Amino acid sequence: MLEQGAVGFRYEVDVQPVFLFVNPKAGGQIGEAFLQVPQPFDVEIRQARSKARLYIFSLTEGEPGNKPGFHFLRQVVFSYSWVRVFIGGGDGTVMWVVSEAQKHGIHTETSLRIGMVPLGTGNDFAQALGWGGRNPDPDVLLRNDCETLAEMVQDWVRAEPDIQDVWKVSLEVDEEDGFIYHKDDVMRNADESYKKSLETYMLLYCGIAKDAELAYNVELHRTKSQCCNKLVYAWQGIMISLHFFCCVGQRVQRVLRGLYHGTDKKGPPIFEVGMRSTGPRLFSNPEMLLACTYACATS
């Protein structure tokens, strides 16, 4: 039985729509395999007189705030009280989807039930929700008319929802000397001026000091292999630990002491000559205060 729903969308009352938004670059290009699945992908639900209809979209298609997958999702949300949305990617991809949904006028708290397909390196969020941390095999995924994917969809529609906190993080830097970086590039506004403030969504945790430095260095050296990325984590962790314990490493106490002295422009400036540069720099070089919003919406 067909009923008329939102403009441009017709739905069947015995069909459960399921969306999968995939980061094609995640998991060493594993996400590309999901985009080869025939669309839409229907799965008969066991022990239920209904079926699930899976719609798969690439997160890289379209511009931020104007992506076809989210326009279609908004139409479907108008016809259903809530919709299952699964995310193929790492922890950061979760906030990417949340941010895009809100940019398209979708109320994520009430309209979406979000699940994970782990395609990242650590997959902390996926493991916390019980979806595991191992990346699926792309060859097995498409075998036998996507039989493995059909089994995954069975699990998705049977899953029970739970509440997860999401925070909004606001970051502001000094108008004269502050910069906000995305990896190794300075972020700019549309008019090419330097961005001095940033609002983004955060899941799981926000890093400061050495854990933030570790996550930042890993992002700069990330590979396409989950195994290699874990080795990068281990190597960077060893290097940072050696610098912290064996060298004149930075300490949060020292950095904060330097920051307090430098908050008042009328106060005495505190400079020192760093070991890695010939010019003066702020006491203790507060580069370590890179706030790494791990699993944020930056793509």
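Numbers below:
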| item | result |
| --- | --- |
| Accessible area (Å², per residue) of the stretch 95-244, counting only protein heavy atoms and a probe of 1.4 Å | 59 |
| The stretch 80-207 - percent of accessible surface contributed by carbon and sulfur, probe 1.4 Å | 46 |
| When each of 25/183; 25/67; 67/168; 103/210; 168/196 is checked by Cα-Cα distance, pairs over 25 Å | 103/210 |
| Student exercise, the stretch 29-122 dipole from Lys, Arg, Asp, Glu Cβ charges, in Debye to nearest 20 | 420 |
| Net charge of Cβ neighbours under 15 Å - reference residue 137; Lys, Arg +1; Asp, Glu -1 | -2 |
| Peptide ranges 37-48, 140-151 listed from the most packed, as the mean C-beta count within 10 angstrom indicates | 140-151, 37-48 |
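The values are calculated or read from the model by the stated rules, or taken from the named source; none is laboratory data. Everything numeric in this text was worked out from a predicted model, so none of it was measured. Methodologically, a virtual Cβ is constructed for each residue, glycine included, from the backbone with ideal geometry; neighbour enumeration extends over all protein chains shown. SASA here: full protein model, heavy atoms, side chains in, ligands and nucleic acids out. Shrake-Rupley method; radii C 1.70, N 1.55, O 1.52, S 1.80 Å.
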